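First the structure, in the form of structure tokens, and then the observations on it.
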Ligand code: GDP
């Protein structure tokens, strides 16, 4: 790619690497500094652009209105445990599989599609709001409509209420499925009345929320439920442009022994085809096969269709977004950029966990550790001894200060690396840190606190120990 952009031969670039003692082959990733060095060696002028520019134009390319076509709704089933979410998902799926139909063996891939009156509906196959919130936490909104299942022989329960809150927070319309209507003890009216208290107003109560009485057991009302979904979808006027490169979200992903990384994705816009090169989360791949929930290999997956994608280089995460890119080089570049970003984040998180007194205490509390490690530097040996004695007295049965290192003199890089390896905070009494130490501490996320009054120092440590450290002054 670099050779191409410089209009040089790849072999020359590789030779250059060899001269530097590095074996490289086409497709290997090099960092920006190396690329810059090579480019200038070859007599080219380098213009650095922001690294994040590699992602530019990856998502949300605007569509012209006339390109938008109607797409199937994507539905999630939520509700209290045992109210029949799984049963309902199974019943809807089974009712829609014509027995004996070729390729009619359903596969659980995390989502499925059914047809009603010639129109398709996509169901996310993980019941409950856990999946819903996990996706949203990753910034992916896949659900158009939430089915709220309430058992007619029970009542509105805690998870029913949670589900309502989640749907409302996401701005997703609810359809109420009053389930287990086959039971003699079923009381649908009671459910409707109870829902009023949670601001779900069904039609018969003068509201706009559709409600359907169903039985996952007997299949009663399932047709009506599907019709209600289609009606709601019509109101929502769901659209996407199928005639463009695909974008969407990972519903679930796994590493399959025989097939390698397998991701179930929901195409949200565009059409996904075998041969497409996609970037997904920190991974990329050339799509080797697109397989639907019946195990059929497809030539294309249009908007709202859930499909398994084979051919990825690694396993992405549920909630990761995917997008089609123009070539492998771009895909590699973006994936490498994102992996670097993820690594940096992980390091920052790791580093952030130590250092500050408050964080350290909460860590100690959770880990059950009973020591509070400190590196103490002071102006004179006398004051350090006084501090050590005062801190000694603070110790209780649960927790005590442990002085990892103390000494007279300014705070140096050595102190910082010691603090880093022992997970300690650094305290400077009447001394400062030199520039190198400050930089090292900043990089490692180690907190350095300065004091000139012993009482303040001891008091802060005491408060940190009791988990009540006052904010930084
Ligand atoms: P989930 O926890 O919400 O997924 O609930 P399940 O689908 O696992 O159902 C819980 C229990 O209720 C199971 O024993 C089901 O057989 C039963 N069940 C679900 N739907 C119905 C129904 O419509 N009628 C009756 N009688 N039982 C049902």
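No value in this document is a laboratory result; all are computed from the given coordinates. If you're wondering where the values come from, they're calculated on a predicted model, not measured in any experiment. So basically every Cβ, Gly included, is an ideal-geometry build from the backbone, and we count neighbours across all protein chains shown.
Helix content alone sets the calculated 222 nm mean residue ellipticity of the chain: runs of n ≥ 4 DSSP H residues at -39500 (n - 2.57) each, divided across all residues, give -11000 deg cm²/dmol.
Here the chain is treated as a Stokes sphere of Kirkwood radius computed over C-alpha pairs; at 4 °C and 1.567 mPa s its diffusion coefficient rounds to 48 µm²/s. With contacts taken as Cα pairs under 8 Å and at least 6 residues apart, region 154-255 reaches a relative contact order of 23 percent. Here r is the Cβ-Cβ distance between residue 463 and residue 17 and R0 is 56 Å; the resulting FRET efficiency, rounded to 0.05, is 0.50.
Using alpha carbon centroids, what distance separates region 414-445 and region 256-285, in Å? Distance between centres, Cα-based: 45 Å.
Compared with the direct C-alpha span, the chain from residue 204 to residue 141 gains 19.7 nm at full extension, assuming 0.36 nm per residue.
Values of log10 I(q)/I(0) for region 190-331 across q = 0.15, 0.19 Å⁻¹ run -0.80, -0.99, by the Debye formula with one identical scatterer at each alpha carbon and no solvent.
If you average the sequence gap of Cα pairs under 8 Å that are 6 or more apart and divide by the length of region 1-47, what percent do you get for the contact order?
Contact order relative to length: 30 percent.
The residues 154, 243, when put in order of fewest to most other Cβ atoms within 10 Å, stand as 243, 154. Note on residue 119 and residue 413: their simple-model spin labels are 6.9 nm apart, each label 7 Å out from Cα toward Cβ. Approximating the spin labels as points 7 Å out from Cα along Cα→Cβ, the residue 162-to-residue 273 distance works out to 4.4 nm. Label 7 Å along Cα→Cβ of residue 220; region 155-189 residues with amide nitrogen under 14 Å? Under cut-off, by backbone N: 178-189.
Using Cβ contacts closer than 10 Å as the measure, can you line up 80, 317, 108 from fewest to most? Walk me through the numbers before you get to the answer.
Details: 80 22, 317 15, 108 12.
By the 10 Å Cβ count, ascending: 108, 317, 80.
Across the chain, Cα pairs under 8 Å and at least six residues apart give a relative contact order of 11 percent.
Stretched out fully, how many nm does the piece from residue 381 to residue 42 gain, at 0.36 nm a residue minus the Cα gap?
116.1 nm
I need 76, 324 ordered by Cβ neighbour count within 10 Å, fewest first.
In order of increasing Cβ crowding within 10 Å: 324, 76.
Taking R0 as 22 Å, what's the FRET efficiency between residue 432 and residue 389 from their Cβ-Cβ distance, rounded to 0.05?
That pair, residue 432 with residue 389, gives E of 0.40.
Label reach from residue 256 (point 7 Å along Cα→C-beta): in region 264-288, amide nitrogens under 16 Å belong to 264-266, 274-275, 286-288.
What is the extension gain from residue 339 to residue 190, computed as 0.36 nm multiplied by their sequence separation minus the C-alpha to C-alpha distance, in nm to one decimal?
In short, 48.4 nm is gained.
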